[in-house]
Amino acid sequence: MEGIYQFVQSTFSEVCNIDSEEITPTTNLFSDLGIESMDFMDVCYLIDEKYSIRIPIGEWMGRVNEGDESAADLFVFEGFVKAVSKLVEAEFA
């Protein structure tokens with residue numbers, strides 16, 4: 001997961017023009033960093049391409065909106081990386 005963590009962190013940093021040191025495990029991607037939805041989509045696309053996965057953004061948003069999952073589970077950096085890691089593991093299982 002360390003490699004995924006570093007790739008995701010550097011991708012957010014580059015795409016969103018944010019110093020990578022501002023992105024910590026407890027950083028909320030939207031409220032703490034002010035990431036725009038288009039930038040978030042661009043980051044997800046690059047992650048999808050790198051790991052040959054598809055991040056189900058709409059599904060994740062729906063689960064948060066329905067109260068089935070907390071925003072922290074998916075949109076706080078550490079939770080986001082864990083969710084991406086699960087997708088990567090499933091792809092290569």
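Things to note:
- Within the accessible area of the chain, the carbon and sulfur atoms contribute 47%, probe 1.4 Å, all protein chains present.
- Mean Kyte hydropathy of -1.0 or more with a Cα span along the axis of at least 18 Å, helices from DSSP in the chain: 2-16, 37-51, 77-91
- Model label zone, Ser37; criterion: amide N under 11 Å from point 7 Å along Cα-to-beta-carbon; scope the range 70-86: none
- Loop-located chymotrypsin sites (Phe, Trp or Tyr not before Pro) in the range 52-93, at most 16 other Cβ atoms within 10 Å (DSSP): Phe92
The values are calculated or read from the model by the stated rules, or taken from the named source; none is laboratory data. None of the values given here were measured: they were computed from a predicted structure. Glycine also receives a Cβ, built like all others from the backbone with ideal geometry; neighbour counts cover every protein chain displayed. Quick note on the areas: whole protein, heavy atoms, side chains included, nothing else; ligands and nucleic acids left out. Shrake-Rupley method; radii C 1.70, N 1.55, O 1.52, S 1.80 Å.
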